[in-house]
Amino acid sequence: MKQTYLFIYVFLFAILTSFSQNNSEKTNGLFYKVSLASTLTVNKDYAIFNNDEEPFFNFSALFLNNTIGYQFDKRTSIGLNAEYNWHSQQGLHFFPTYLSFQYNIIVDDSDLFIRGGYGSLISLSNDFEKGNMYKVGLGIRGYDDGYLNSFLLGLDFTRKRFGYKTLQGLSSVSVFMEFMFF
């Protein structure tokens, strides 16, 4: 009986160690990404050599994004995004859901990428605007020591069309910081 337990233990240990040896660099598969972005505007009240401690840039919008996606190889990935946008100066709230595509132009220790997305602005309540939007961006992607998780920094241009017959529009350039988990 002890030999049977010993055999099962050694057999299971061999199976676990053979499957646990994975490649340290993951090039494809599902991922989750969380993002924080903000648009910056020039402060109209800022004066050079004035000691009022007014900042040169003011935050005018805040974006919080969640993405679930699939990376096909080292260069291409797609994602399904759900985002909350708050434009403080205009007093507008948006909830865009959109598909995104990202392509790494330079694949190295730090990747240079371009990306784009298109989708709808969902009206969750009367406070949220309904319409459509598109987004294009450029950024750089760095990796952790195991090349599994990464962080992304860059700029996005976003155009939103909303209101009655989507006649109103809002364009913004935002600075983003994202964390991507495999």
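Quick notes on this one:
- Matching entry among 153, 124, 167 (being farther than 16 Å from residue 27 by Cα and either in contact with a strand residue (DSSP E or B) (Cβ under 6 Å, 6 or more places away or on another chain) or surrounded by 14 or more Cβ atoms within 10 Å (Cβ to Cβ) (or both)): 153
- Unique residue being at pLDDT below 75 and surrounded by 10 or more Cβ atoms within 10 Å (Cβ to Cβ) when the list is 57, 11, 31: 11
- Filter result for residue 63 (open to solvent by less than 80 Å² (accessible area, probe 1.4 Å) and modelled with pLDDT of 90 or more): yes
- Of all residues in region 162-182, exactly one satisfies the criterion of being hydroxyl-bearing (Ser, Thr, Tyr), in contact (Cβ under 8 Å) with a residue 40 or more places away in the chain and farther than 17 Å from residue 113 by Cβ, namely 172.
Yes or no, residue by residue, for (1) out of contact with any Phe, Trp or Tyr (no Cβ under 9 Å at 6 or more places or on another chain); (2) at pLDDT below 90; (3) not hydroxyl-bearing (Ser, Thr, Tyr):
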{"residue": "144", "(1), (2), (3)": "no, yes, yes"}
{"residue": "151", "(1), (2), (3)": "no, no, yes"}
{"residue": "160", "(1), (2), (3)": "no, no, yes"}
{"residue": "163", "(1), (2), (3)": "yes, yes, yes"}
{"residue": "173", "(1), (2), (3)": "no, no, yes"}
{"residue": "177", "(1), (2), (3)": "no, no, yes"}
{"residue": "182", "(1), (2), (3)": "no, yes, yes"}
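- Residue pairs whose Cβ atoms lie under 9 Å apart, separated by 6 or more positions or on different chains, with the first residue in region 132-161 and in contact (Cβ under 8 Å) with a residue 40 or more places away in the chain and the second part of a loop (DSSP other than H, G, I, E, B) and of a type in the set (Lys, Arg), are 146/26; 147/26; 148/26.
- Residue 105 meets the conditions (1) part of a strand (DSSP E or B); (2) open to solvent by less than 60 Å² (accessible area, probe 1.4 Å) in every case but one. The failed one is (2).
- The set of residues in region 38-79 being closer than 17 Å to residue 156 by Cβ and not polar (S, T, N, Q) consists of 40, 57, 59, 61, 62, 63, 64, 69, 78, 79.
- Test: residue 83 is in contact with a Pro (Cβ under 8 Å, 6 or more places away or on another chain), of a type in the set (D, E, K, R) and surrounded by 14 or more Cβ atoms within 10 Å (Cβ to Cβ): yes
- Of all the numbered requirements in (1) part of a strand (DSSP E or B); (2) exposed (fewer than 15 other Cβ atoms within 10 Å of the Cβ), residue 100 misses one, and that requirement is (2).
- Residue 118 at pLDDT below 90 and surrounded by 13 or more Cβ atoms within 10 Å (Cβ to Cβ): no
The values are calculated or read from the model by the stated rules, or taken from the named source; none is laboratory data. This structure is a prediction, so every number in the text was calculated from the model and none was measured. In this analysis, Cβ positions are derived from the backbone assuming ideal geometry, glycine residues included, and neighbour counts consider all displayed protein chains. The protein model used for the area step is the full one, side chains on, heavy atoms only, and it has no ligands, DNA or RNA in it. Shrake-Rupley method; radii C 1.70, N 1.55, O 1.52, S 1.80 Å.
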